Every structure is written in C-alpha cells, then in structure tokens.
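Please read the structure below before turning to the comments.
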Amino acid sequence: MIRLDRVRKSFGSVEALRDVSLEVAAGEFVAIVGASGCGKSTLLRLIAGLVQPTAGHVVLDGRAVTEPRAETAMVFQAATLLPWADVLRNVTFPLRLMRRAGGDTEARARALLATAGLAGFEHRLPRELSGGMQQRVAICRALLQDPRVLLMDEPFGALDALTREEMSLELLRIWQGREMAVVFVTHSIPEAVLLADRVVVMSPRPGRIAEIIPVELPRPRGFEQEGSPAFQAAAQRIRALIYGGRASHAA
Amino acid sequence: MRRSLPSLIAVAVLFLGWEALCRGFGIRPFILPMPSLILHDTLAAWPNVLAHTWATLGTVLLGFAASVAVSLPLAMLIAASPTISAALYPILVITQSIPKVALAPILIVALGANELPRVIVTFLVAFFPLVVGTVAGLLATPPELIELGRACRAGRVQELLRIRLPFAVPFVFGGLKVAAALAVVGAVVAEFVGADAGLGYLIQTSMAFFRTPLAFGAVVILAIMGILLFQAVTLAERILFPWSSGAASPPTSS
C-alpha cells in the first residue's frame, strides 16, 4: 500500500531523514516511535504528500506521492478545529473544501459523531468541548474522508493519561471495522505496543529506522495484555533501542 | 445593568465633585466651567452644536470606512508575501511617525479646503492599528490548520478565504475597535487645521471668544461619539461573529 524507498529528506543543511525504507500493507497498523527530532513527523508528512523527499521515492498504491492525495487523511497533536464552525461543520470541512461533499455527507458525519460518543454535540463550538472531545471530532473529520491510510501525528499527546487510554481503545475499535491502514506517530512505548502490528523504532540525527519490531499480541487488544511476556518483550526491546546501552533503569 | 452600576456611580461622583470644586473655590467659568454650566450653554446652542456634531460624525465615518477599505486588502497583501511585507512595512511605519497635525495643513493646501483632506487625515490616524491587527491575525493561524488545508488540496485563495481570514476575525475586530476610537481623534485634528464646521472647529471658535463651556460641551460630545462607535463595533462583532467575541484572546484549539 505504502512504500518508502531509500528516502532522504534535508531541510537546508539539516538532514532530517536518511535512507528510510518502509512498507505498510493495506489495513496494517504501524506505530512510529523515537526520541524528539528523529524525523517521525517528517516521515508522516512525506506520506501525506505535504513535503517532498530530497532523494528516494514515496509510493502510495503504485503511484508516487507528489501532492496530498485523497487516499490519506491526517490527525494532528492539537485538534486544530476551526473555532468559528460547529462540530458538524468542522467534521465536514475537508470534504466541503475538496468539493466532495454530497447529499449524504451530513448524515454520514452525524452517524460518525454518534459512534464517537458525540451525539447531541453537533452544533456546539469547539471551545465548548473538552480536549478529548475535540480530538474525537478531529478523528471523525479524518474518518469522514474515508481514507485508506490514516496518518496520526501524536494524536493523543495533548490529552491526560486516562483520556489517552480510553481513546487508544476507541481508535482500535474504529480501525477494526474498516479497511484502513494507520501510521501512528507517538512518544509512548506502551501506546505503540498496545496499538500496532509493527513498531518502527527511529534513531535521531539524522533520522533513521533503527529496527522494526513486530508485536505478536492477539487482537482485540486491551490493557490487561500489558502484563503479558510478549508485551513486555516488545516494550523492552524498543526501550533498549531508543536509550541504547545507557539509562534503561534509573538508580 | 447591575455590572454597570459602579461605573455610573463613579462618573456621577466625579461630576458632582467637579461641580462642588468650581462652586467652592469660585473658579471662573472661562478657566474651568462647572458641569451644569456646560450643559446649559451646550443646550442653549443646541441646533448649532448638532450641526457641528453631524459634520464631525460624517468625517469620522468616511475616514473609518476608508481605513477599513484600504487596511484589509493591504493586510492580505502583506500577509501573503514576505517580499511585499518587507517592501511595505517601512512605508507604513513612516506614515505613522509623521505627526498628522503637521501633515494636515499641507494636505489642505494641496487638496483644497473641503472634506477630502479631512477624511485623509482621519484615515491616516486610524488605519495603522487595523493593518497591524489584521496582519497579526492572518499570520497567527496555527500551522496545523494551514497543513489541514493543504492536505485537503486547498489553493492559496481558498486557504486565505476559508481558513486565514475567518481565523483573523477576532484580530480584525481588535483593530477595528482601536481604529474607531482613533478616527474621532483624526477628524478633530483635521478640523482644527482646516474646517468651517465640525466639533473641532466649534472648540477652536468657542475658545477664541472664551466660550469655554461650549468647548467643553463639544469635548463631551466627542467622548460620547468615540464610546458609541466603539460599542457599535463590539455589537457588530457579537452579532456577526458570536464565536469571536466570547474570547478576549483569539481562541486556541487545545
């Protein structure tokens, strides 16, 4: 579905990504973890077509990605809702912007909001919602575009720990019902292991893929699996890669 | 009503104190007239005062309208390109460093003693905060929102009209409120220099004949005019953009 082939990306003299090769299958859930500045967000923006690689290729469905494509939709760390538009208009905004809104768009948006627990909030303004609810709206906004690839840039990073766990499980539930690949950038190792089929661990300066770790946990997943040996092994391996030999346990 | 009560009482106390001060110390009216005398003299000349008020209001509104008509497109140009911004900003700052009182007589000689130079002076005083505010608003759009637009393949025009401009609305109204108040200042400055009508003209002629109470009356009317214009802008914002007026600072998405 997505193929990155020896991708390099420089911003001026700063090399953000070097020699990144990665394949994501249709319907696969891939998490990307790494320290700050390892180019994870750049990687996501390359797949989204928002930035172009300096060298190498980004291919989506057999075609090179040279501009944002209808197959991808993006969710950011901040909900980035339009403050002047109510929830419903926020969710339909991308389709209206792309002139893809049809007669059933509003009905589909309402149904989607209902599955996200936002029924009754259709005509509220973003500032009347909590952070978690705003992010749900942002996810609905992306899902309404029926993307085949959902790109998420630390989508739960700004939420409190409890909301975060709840949202992770909800995301899994939504993903399971759809034919949709997810590329999920996060700082949280447990989050990555809980969600993903494979975890891509990146190392910084310049950003490279250190290792790709398959997560052998049965689905549907839940937090009760956190104690399982497979979960712990994957988390340990990722931690070791990120911190290297040093400081994997504090005094 | 309950919230405005303390300020009403404060203003009443201020005027009563003023009245008592003038009576108690026997201050002569042409130096500092008492509020009651100001009211009396202003009402005695009311048709005349009203005509001057309309003249000033006309200049203020035309100058304010000109500021809006010029500032918004100008701000869009500046926000659209760093090159245009680099070229225009110094010129804008220069226009702001020139004292408008100094410019007014020159303009009147060049353009004749009519409404036009007065409107231009009003415009020059009022437009700058509007440009600065609008540019700030257009550039303050969160980068993710711009990225969202680009991910939806929005062109530059769509980005401006559907994302940047609506986002700038609270900033534009901040600028409009300052511009409304400044437009009154600009109109009076212009009338001081060259006019045969208007409250600025009334103040000057009154003082030439030591009719201080009438000059004070004109000042009070100017203050009321400024307050009403400010309130009108606030009201327009509340009606047209209810999502904007609730937040003192532009709403954030977090």
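Every read-out reported here was derived from the displayed coordinates using simple, explicitly stated rules and does not represent laboratory data. Since we're looking at a predicted model, the values are computed, not measured. Note: ideal-geometry Cβ built from the backbone for every residue, glycine included; neighbour counts use all protein chains shown.
The Rg/Rh ratio for the stretch A:148-251 is 0.96, where Rg is the radius of gyration of the alpha carbons and Rh is the Kirkwood radius. For the stretch A:11-16, putting each phi into the Karplus relation 6.51 cos²θ - 1.76 cosθ + 1.60 with θ = phi - 60° gives couplings of 10, x, 8, 8, 8, 8 Hz, in residue order, rounded to whole numbers and with x for Gly and Pro. Here is the list for the stretch B:1-78: trypsin sites (Lys or Arg not before Pro) lying in DSSP coil, each with at most 10 other C-beta atoms within 10 angstrom of its C-beta, are B:2, B:3.
Classification of the stretch A:80-146 by its C-alpha gyration tensor yields a prolate form. The axis ratio a/c (a ≥ b ≥ c) is 1.5 or more, and a/b outweighs b/c. Within the stretch A:84-212, the ratio Rg/Rh, alpha carbon atoms throughout and Rh by Kirkwood, equals 1.00.
Given the stretch B:35-241, what whole percent of its Cα pairs are spread farther than 27 Å? For the stretch B:35-241, the share of Cα pairs beyond 27 Å comes to 41 percent. Of the trypsin sites (Lys or Arg not before Pro) found in the stretch A:136-239, those that fall in a DSSP loop while having at most 14 other beta-carbon atoms within 10 Å are A:178. The mean number of partner chain beta-carbon atoms within 10 angstrom of a residue's beta-carbon across peptide B:145-158 is 6. Using a cutoff of 8 angstrom between alpha carbon atoms and counting only pairs six or more residues apart, the relative contact order for chain B works out to 26 percent.
In this structure the amide hydrogen of residue A:51, modeled in the peptide plane, comes within under 5 Å of the amide hydrogens of A:46, none closer than 5 places in sequence on its chain. Karplus-derived 3J(HN,Hα) values for the stretch B:172-180, using 6.51 cos²θ - 1.76 cosθ + 1.60 with θ = phi - 60°, are 4, 5, x, x, 5, 5, 5, 4, 4 Hz; glycine and proline are entered as x.
Principal semi-axes of the equivalent ellipsoid, √(5λ) from the alpha carbon gyration tensor of chain A, are 30, 23, 16 Å from largest down.
How many angstrom lie between the Cα centre of the stretch B:176-193 and the Cα centre of the stretch A:113-165? Spelled out, the Cα-based centre of one part sits 47 Å from the other. Rg to Rh for the protein assembly as shown: what is it, with Cα atoms only and Rh by Kirkwood? Ratio of gyration radius to Kirkwood radius for the protein assembly as shown: 1.15. Whole Å is fine, so just give me how far the alpha carbon centre of the stretch B:201-218 lies from that of the stretch A:1-50. A separation of 74 Å, based on Cα centres. Shown in residue order for the stretch B:189-194 are the 3J(HN,Hα) couplings computed by the Karplus curve 6.51 cos²θ - 1.76 cosθ + 1.60 at θ = phi - 60°: 4, 5, 6, 4, 8, x Hz (x for Gly and Pro). Chain A: longest stretch without exposed GluC sites (Glu not before Pro) (DSSP loop, at most 15 other Cβ within 10 Å), sites themselves excluded? Longest stretch, sites excluded: A:1-178.
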